[in-house]
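Asks: What follows is a structure written as structure tokens; I'll ask about it next.
The values are calculated or read from the model by the stated rules, or taken from the named source; none is laboratory data. The shown structure was predicted, so the numbers you read here are calculated from the model rather than taken from an experiment. Virtual Cβ from ideal backbone geometry, glycine too; neighbours counted across all protein chains shown. The accessibility values were calculated without ligands, DNA or RNA, using every heavy atom of the protein model including side chains. Shrake-Rupley method; radii C 1.70, N 1.55, O 1.52, S 1.80 Å.
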Amino acid sequence: MQLDPRYDDVAAEVASFLEERLAFAVSRGVPEERICLDPGIGFGKTVEHNLELLRQIDVLLALGRPLLFGFSRKSSLGKIAGDPDAKVGPLGASVAAAVASYERGATILRVHDVREHVDALAVAQAVSGT
């Protein structure tokens with residue numbers, strides 16, 4: 001799966017998987033309000049799959065749980081930024097992906113460079129007026 005990931009509809013398939021895992025956790029006694037969902041950016045997905053998950057975040061938000069997005073330093077960001085052999089993404093790309101995730105509804109962001117992300121998100125929040 002990691003070497004040649006294939007999805008007919010990545011957002012729908014990831015949402016279905018997350019919905020199944022959510023139901024399983026709740027059936028085992030985990031209170032639903034304690035659960036957040038992580039679509040697994042970078043794990044078993046191509047660059048385009050990762051972007052499509054963010055573009056169609058509404059499909060994931062429809063599950064009704066907070067979403068965690070972890071684009072920070074992902075190789076897909078380096079590839080988007082022009083390095084086809086990237087093993088990590090540059091800081092600027094990580095910050096841009098975090099802001100885009102936040103603006104589209106991600107609740108939790110996994111990041112490496114905390115100060116830079118906090119600064120960028122404070123500006124994004126000020127611009128949006130929220």
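Asks: Counting only residues that are aromatic (Phe, Trp, Tyr), closer than 30 Å to residue 84 by Cα and loosely packed, with under 15 Cβ neighbours inside 10 Å, how many does the range 17-70 have?
Replies: 2
Asks: Where residues in the range 23-74 are within 14 Å of residue 98 (Cβ to Cβ) and aromatic (Phe, Trp, Tyr), which of them is modelled with the highest pLDDT?
Replies: 69
Asks: Name the single residue, out of those in the range 6-16 being acidic (Asp, Glu) and open to solvent by 70 Å² or more (accessible area, probe 1.4 Å), that is farthest from residue 56 (Cα to Cα).
Replies: So the residue we want is 8.
Asks: If I ask for residues that are touching a helix residue (DSSP H, G or I) at 6+ places or on another chain (Cβ under 9 Å) and among the hydrophobic types (A, V, I, L, M, F, W, C), which ones from the range 96-111 would you list?
Replies: The answer is 96, 97, 98, 99, 100, 106, 109, 111.
Asks: Would a scan of the range 89-110 turn up a residue that is at pLDDT 95 or above, over 23 Å from residue 36 (Cα atoms) and of a type in the set (Asp, Glu)?
Replies: There is no residue in the range 89-110 that is at pLDDT 95 or above, over 23 Å from residue 36 (Cα atoms) and of a type in the set (Asp, Glu).
Asks: How many of the residues making up the range 37-85 are among the β-branched types (Val, Ile, Thr) and in contact with a helix residue (DSSP H, G or I) (Cβ under 6 Å, 6 or more places away or on another chain)?
Replies: Counting residues in the range 37-85 that are among the β-branched types (Val, Ile, Thr) and in contact with a helix residue (DSSP H, G or I) (Cβ under 6 Å, 6 or more places away or on another chain) gives 4.
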